[in-house]
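The values are calculated or read from the model by the stated rules, or taken from the named source; none is laboratory data. In this text, all values refer to a predicted model and were calculated from it rather than measured experimentally. Cβ placement follows ideal geometry from the backbone for every residue including glycine, while neighbour counts extend to all protein chains displayed.
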Amino acid sequence: MSHFRVVRLRPEVSALSPHKTNRMADEEEEAGFEEEPEEAHGGVESGHGRRKRLFSKELRCMMYGFGDDQNPYTESVDILEDLVIEFITEMTHKAMSIGRQGRVQVEDIVFLIRKDPRKFARVKDLLTMNEELKRARKAFDEANYGS
């Protein structure tokens, strides 16, 4: 279930002339794009009906690292966060439906992404690094505390 929200750029910040900005807005309306009100998801809600943003800081840093402005538009970060939360939610529901019912295990996630080579390679790298860190911590603790 996808929920997208079209957000128009603020004209005073846009590099386009007002004529072009208005024409683009007209084209958006003609194409059938409408701004939909945010629906309440099963996620974390704040008191004003707006979902608490969980990954804003990290997403801003990632966007900057991938070439966006150092302070990206809040609307852009919000849309990206909505997509991330939707992806995590869908993957979690799928993972809960396979393997041991009602439980999410690493093997279930690996199974779900096995056909996407980029994601699969990244997960393999992260799992390998995690194991290496565990071994290094264990060796460090044994050296310092003599278990």
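Could you run through the range 138-147 and say how many residues are surrounded by 10 or more Cβ atoms within 10 Å (Cβ to Cβ) and either at pLDDT 95 or above or not aromatic (Phe, Trp, Tyr) (or both)? Let's see the steps before the verdict.
Here is the first cut: in the range 138-147, the ones surrounded by 10 or more Cβ atoms within 10 Å (Cβ to Cβ) are 138-142.
Imposing the further condition that a residue be either at pLDDT 95 or above or not aromatic (Phe, Trp, Tyr) (or both) reduces the set to 138-139, 141-142.
So the count comes out to 4.
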**OP:** Only residues that are under 22 Å from Arg51 (Cβ atoms) and β-branched (Val, Ile, Thr): list them for the range 62-104, please.
**Re:** Thr74, Val77, Ile79, Val84, Ile85, Ile88, Thr89, Thr92, Val104
